[in-house]
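Undergrad: I'd like to ask some things about the structure below.
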Amino acid sequence: MKRIKAVIVKEFAHILRDPTSLTIVFLMPLVMMFIFGYSINFDLKHIDAGIIDLSKSETSQQLVKKFLNNKYFILQDLQENHPPSISPLETGEQLLKSGDLKEIIIIPADFSQKIKDNRIAEIGIIIDGSDSNVANLVYQYNELIILDFISDIRSLDELVKIHTKVLFNPELKSAFFFIPGLIATLLVMISALLTSLSISREKESGSIDLLFISPLKSPEIIIGKTIPYIFVSLIAGCIILLFARFWFGVPIKGNLLVLLIFALLYIITSLSLGILISTVAPTQKIAMFITLLLTLLPSYMLSGFIFPLQSLPPVLRAISRIIPATYFLKIIRGVVVKGAELKHFIPEGVALVVFTTLLLAIASLKFARDRRKAK
C-alpha cells in the first residue's frame, strides 16, 4: 500500500503541475453543455420573407397582416424595395440566392375578386429549399397562417389554393445542405491544425531560438510559415469537394472560380487562426486541444451548419459573427446549391479579409514579444 500511495501522490503532483489540462477537463464540459443546451433547437424563430401583393385589396391586406402578426415571419415588401430596372420577383429571387430571404409570397391581382365570387383564389409561394429542414418548417408555417386566414373569412377551405415552388433543392435532399457545410467545417479544422503545430513544434524541439536570432522580422516569419500550408489546404479542399461531387452526388451549380476565390480567403483565415494558436500554445498537444476547441465545436454548432442561426439566442448569434465558418457556409451553400455569383457575397468576403488581417497582426505581435523576452 505504501508503494501504491507513493504512485498516487506522484500522479496527483503531475496533475496539479498541469493546470492547462485541468482547465480543459473541467471547462470543456461546461462550455459544451452551454452551447449544446442553447444551440440544439429545431424551432425557426425568424423567417425573412418577401411579399408581392398585386391585389392591394382589403382582403389581401388581411392575409399580409396574418404574416406580419405572426412571431415567426419578418416581411419585406418587394414592390417597394427593388431597383426600377428589374421586377419585384427578380429582386426576390436574387435575395433568395444570396440567402437574405427564405421565401417569396405572391398574391395575384384577382385574389380578392375571386374570393368575393366564391371562386378558387390562388397564392404563389417560392421557398428556398437549400436547407431541407428550414424549407419544411417554412412550408408548415405557411399552411397554418393561410388556414387561419381562410377560417376568418369563410368556413370553406377550398376557396384558397396554394402553389408552392421549391428552388435550388426541389427534392429537399438533406445531403445537398449538409455536405457543403461539412466541407466548410473540415476545411477550417484541417487548415488551423496544420499551422497550429508550426511554432509550437519549434518550441518543443528548441529550434525556436534560431528563429528568434534570425535577421527576419516577426511578420516575415509568420507569413513565411503560413504560405506553404495554403497549397496543402487548397489541395485538401479540392479532394473533399471532388469526393462530395462524385461520391455523394452534390451538384455544383455555381462558378467554380468564385468558389475557389472565397475558399482561398477562407483557408488563409483558418491558417491565420492556427498560426495565432501556435504562438500562444507552449506544446503541440495544447495547440491541438485549443485548435479543436476553437474550430470544431463552434463550426458545428454556431455557424449555421446544423441549426439555423435564427434559432440561436442573441448571445450565441453574436458569437457566431466572429466564427469564420459562418461566412464561408453561406458562400459555399450559395455557390454550390443555388448557383449564386460573386456579387452576392461581398460582405462575407470582406469579413474573411478582416479576420485574416487581425489574426496575422496579433500573431506577429505575440511572436515579436516572445522574441524580445528571449533576448
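The values are calculated or read from the model by the stated rules, or taken from the named source; none is laboratory data. Because the structure is predicted, anything quoted here is derived from the model rather than measured. Glycine gets a Cβ as well: all are built from the backbone with ideal geometry, and neighbour counts include every protein chain shown.
Undergrad: How many of the residues in the stretch 44-69 are under 30 Å from the mean Cα position of the chain (by Cα) and not aliphatic (A, V, I, L, M)? Talk me through it step by step, then tell me what you get.
TA: Keep residues of the stretch 44-69 that are under 30 Å from the mean Cα position of the chain (by Cα), which gives 44-52, 67-69.
Add one more test, that the residue is not aliphatic (A, V, I, L, M), and what stays is 45-46, 48, 50, 67, 69.
Matching residues across the stretch 44-69 total 6.
Undergrad: Which ones in the stretch 222-239 are surrounded by fewer than 19 Cβ atoms within 10 Å (Cβ to Cβ) and either without any contact (Cβ under 8 Å) to a residue 60 or more places away in the chain or not assigned by TED's automatic domain parsing to the domain that holds F345 (or both)?
TA: Pass one, the stretch 222-239, residues surrounded by fewer than 19 Cβ atoms within 10 Å (Cβ to Cβ): 223-224, 227-228, 230-232, 234-236, 238-239.
G224, I227, P228, I230, F231, V232, L234, I235, A236, C238, I239 - these are the residues of the stretch 222-239 that are surrounded by fewer than 19 Cβ atoms within 10 Å (Cβ to Cβ) and either without any contact (Cβ under 8 Å) to a residue 60 or more places away in the chain or not assigned by TED's automatic domain parsing to the domain that holds F345 (or both).
Undergrad: Of L293, L316, L302, which residue is more than 23 Å from L194 (Cβ to Cβ), modelled with pLDDT under 85 and buried (at least 16 other Cβ atoms within 10 Å of the Cβ)?
TA: Values: L293 fails: more than 23 Å from L194 (Cβ to Cβ); L302 fails: more than 23 Å from L194 (Cβ to Cβ).
Just one listed residue meets the conditions, L316.
Undergrad: Moving on. Return the pair list, or none, for Cβ contacts closer than 6 Å from residues in the stretch 295-308 that are under 15 Å from S270 (Cα atoms) to residues that are assigned to a loop (DSSP other than H, G, I, E, B), at least 6 apart or on different chains.
TA: Qualifying pairs under 6 Å: P298/I323; S303/I323.
Undergrad: Can you find, within the stretch 117-154, the residue that is nearest to N169 (Cα to Cα) among those that are of a type in the set (A, V, I, L, M, F, W, C) and without any contact (Cβ under 8 Å) to a residue 24 or more places away in the chain? Show your work before the answer.
TA: Of the residues in the stretch 117-154, the ones of a type in the set (A, V, I, L, M, F, W, C) are 120-121, 123, 125-127, 134-135, 137-138, 144-147, 149-150, 153.
Narrowing the set further to residues that are without any contact (Cβ under 8 Å) to a residue 24 or more places away in the chain leaves 144, 147, 150.
Details: L144: 23, L147: 26, I150: 29 Å.
Per the criteria, the residue is L144.
Undergrad: Looking at the stretch 48-80, which of the residues that are free of Cβ contacts under 8 Å to residues at least 24 places away in the same chain and assigned to a helix (DSSP H, G or I) is nearest to Q94 (Cα to Cα)?
TA: L68
Undergrad: Same structure again: Collect the residues in the stretch 104-125 that are at pLDDT 85 or above and in contact with a Phe, Trp or Tyr (Cβ under 9 Å, 6 or more places away or on another chain), keeping them in residue-number order.
TA: Listed by number, the residues that qualify are I105, I123, I125.
Undergrad: Is it fair to say R333 is closer than 24 Å to D128 by Cα, under 17 Å from the mean Cα position of the chain (by Cα), surrounded by fewer than 18 Cβ atoms within 10 Å (Cβ to Cβ) and among the basic types (K, R)? Let's see the steps before the verdict.
TA: On the way: closer than 24 Å to D128 by Cα: yes; under 17 Å from the mean Cα position of the chain (by Cα): yes; surrounded by fewer than 18 Cβ atoms within 10 Å (Cβ to Cβ): no; among the basic types (K, R): yes.
Here the answer is no, as R333 does not meet what is asked.
Undergrad: Can you go through L210, L242, L264, L259 and tell me which one is surrounded by 17 or more Cβ atoms within 10 Å (Cβ to Cβ) and either in contact with a helix residue (DSSP H, G or I) (Cβ under 7 Å, 6 or more places away or on another chain) or in a helix (DSSP H, G or I) (or both)? Steps first, please.
TA: Values: L210 fails: surrounded by 17 or more Cβ atoms within 10 Å (Cβ to Cβ); L242 fails: surrounded by 17 or more Cβ atoms within 10 Å (Cβ to Cβ); L264 fails: surrounded by 17 or more Cβ atoms within 10 Å (Cβ to Cβ).
L259 is the lone residue from the list that is surrounded by 17 or more Cβ atoms within 10 Å (Cβ to Cβ) and either in contact with a helix residue (DSSP H, G or I) (Cβ under 7 Å, 6 or more places away or on another chain) or in a helix (DSSP H, G or I) (or both).
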